[in-house]
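No lab work stands behind these numbers, since they all come straight from the coordinates. Small disclaimer: the values here were computed from a predicted structure and weren't measured. All Cβ positions, even for glycine, are placed from backbone atoms using ideal geometry, and neighbour counts span all protein chains on display.
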Ligand code: F6P
């Protein structure tokens, strides 16, 4: 029989994403609703190791649903990757009697949770909190919608100035291993080309297509590059284009961390609230060591050990749409 969970800890880990606060709020309030004691663990796994563990009340999460960042702070923690580190972290949980964990973060954080739950007798539930949307088993990750809308707003502004000067703009968006921000923001802003880590970049083809466009006087172009593209980032691409097409006026804009901040969108608040609620339900019902996702608008539970192996697949049709619409 599954052990009953009485005291749960919640933490945010890895890169922050808008909506993490809404998820924390949902976990805390659902836990309290069910009569559980809820503890906030600050600075992710690093805080678990350092003993940064405090009880949370319903009021601890008042007025945070609309705030970006994470009230629990976040970190990436190398020590937690060692057996000694995890042992020390578990000892700190034991001091408080914590017997269940909710981890809000990306695939790296899930990997930590999976190893931890295997080593110690503690159920872990993951919530996908990452702007990158690079986790299979969910249509949404908490923060992606806000981040991509931030990118779209910025790229629309860049288009105004690109149009005024007849320039080519190369815009770099986040995504070290995943091209979702690039793909969605590129389609939404009418980009000519989208370069993503999941696909090999053909620079000769990009130059050929820009040359052909410039010959028919299509001078305003925008190329969206995910930071993890195999050719390099926006600067590398710009140098290559400048060398091969010096007559084009090219500018680079790297959007960077603005994509991680800001007030979460309605969608991110809603999915974070639903996922946070269901994370606690999972702990209570004994559905352990899974991450909570949403697929086709239904809750979906993926075992953590599967989640760490799979990435979302890029829909090739979308890339074709970009090509056709950019003519
Ligand atoms: O995982 C989210 C993400 O924003 C990636 O897209 C990016 O490569 C990375 O985090 C940057 O991380 P940081 O600057 O926080 O180390």
FRET E, pair residue 166, residue 311, Förster distance 35 Å, beta-carbon r, rounded to 0.05:
0.35
What nm value, rounded to one decimal, do you get for the distance between residue 249 and residue 203 when each label is placed 7 Å out toward the C-beta?
2.4 nm
Where in the range 308-327 is the amide nitrogen less than 15 Å from a point lying 7 Å along the Cα-to-Cβ axis of residue 211?
none
Can you pull a Stokes-Einstein diffusion coefficient for the range 145-260 at 20 °C (1.002 mPa s), Rh from Kirkwood over Cα pairs, as a whole number of µm²/s?
155 µm²/s
For the chain: relative contact order, % (alpha-carbon pairs under 8 angstrom, 6 or more apart):
24 percent
So in the chain, what percent of DSSP beta bridges are antiparallel if you round to the nearest 5?
25 percent
Sort all Cα-Cα distances of the range 181-327 into consecutive 10 angstrom bins from zero, then give the percent of pairs in each bin up to the one containing the longest distance.
9, 30, 28, 18, 11, 4, 0
Note on the range 1-124, DSSP bridge orientation, antiparallel percent to nearest 5 equals 25 percent
222 nm [θ] for the chain, helices only, -39500 (n - 2.57) per DSSP H run of 4+, per residue, to 500?
-13500 deg cm²/dmol
Hey, in the GNM for the chain with a 10 angstrom Cα cutoff, which one of 300, 193, 242 fluctuates hardest?
242
What is the Rg over Rh value, at two decimals, for the range 83-183, using alpha-carbon atoms and the Kirkwood definition of Rh?
1.21
By the gyration tensor of its Cα atoms, with a ≥ b ≥ c the square roots of the eigenvalues, what is the shape of the range 68-117: rounded for a/c under 1.5, prolate for a/b over b/c, or oblate?
oblate
In percent, what relative contact order does the range 145-260 have, based on Cα pairs under 8 Å that are 6 or more apart in sequence?
39 percent
Starting from the alpha-carbon convex hull of the range 97-144, give the projected area averaged over all orientations, in nm².
3.4 nm²
Give me the number: length gained by fully extending residue 121 to residue 88, i.e. 0.36 nm times residue separation minus the C-alpha to C-alpha distance, one decimal in nm.
10.4 nm
To the nearest 0.05, what FRET efficiency results for residue 300 and residue 242 with a Förster distance of 41 Å applied to their C-beta separation?
0.35
For the range 201-273, what is the Kirkwood estimate of the hydrodynamic radius, computed as the reciprocal of the mean inverse distance between distinct Cα atoms, to one decimal in Å?
14.6 Å
Which shape class, rounded, prolate or oblate, goes with the range 1-67 when its Cα gyration tensor gives a ≥ b ≥ c as root eigenvalues, a/c under 1.5 marks rounded, and past that a/b bigger than b/c marks prolate?
oblate
Highest GNM mean-square fluctuation among 303, 128, 246, for the chain with Cα springs under 10 Å, belongs to 246
For the range 145-260, what proportion of DSSP beta bridges, expressed in % and rounded to the nearest 5, is antiparallel?
0 percent
Rg(Cα) of the chain divided by 2.2 N^0.38 Å?
1.10
Choice from 62, 26, 234 with maximal GNM fluctuation in the chain (Cα, 10 Å cutoff):
62
Measure out, as a whole number of angstrom, how far apart the alpha-carbon centroids of the range 17-76 and the range 246-298 sit.
16 Å
In cubic angstrom per residue, the convex hull of the range 1-112 built on its Cα atoms measures 99 Å³
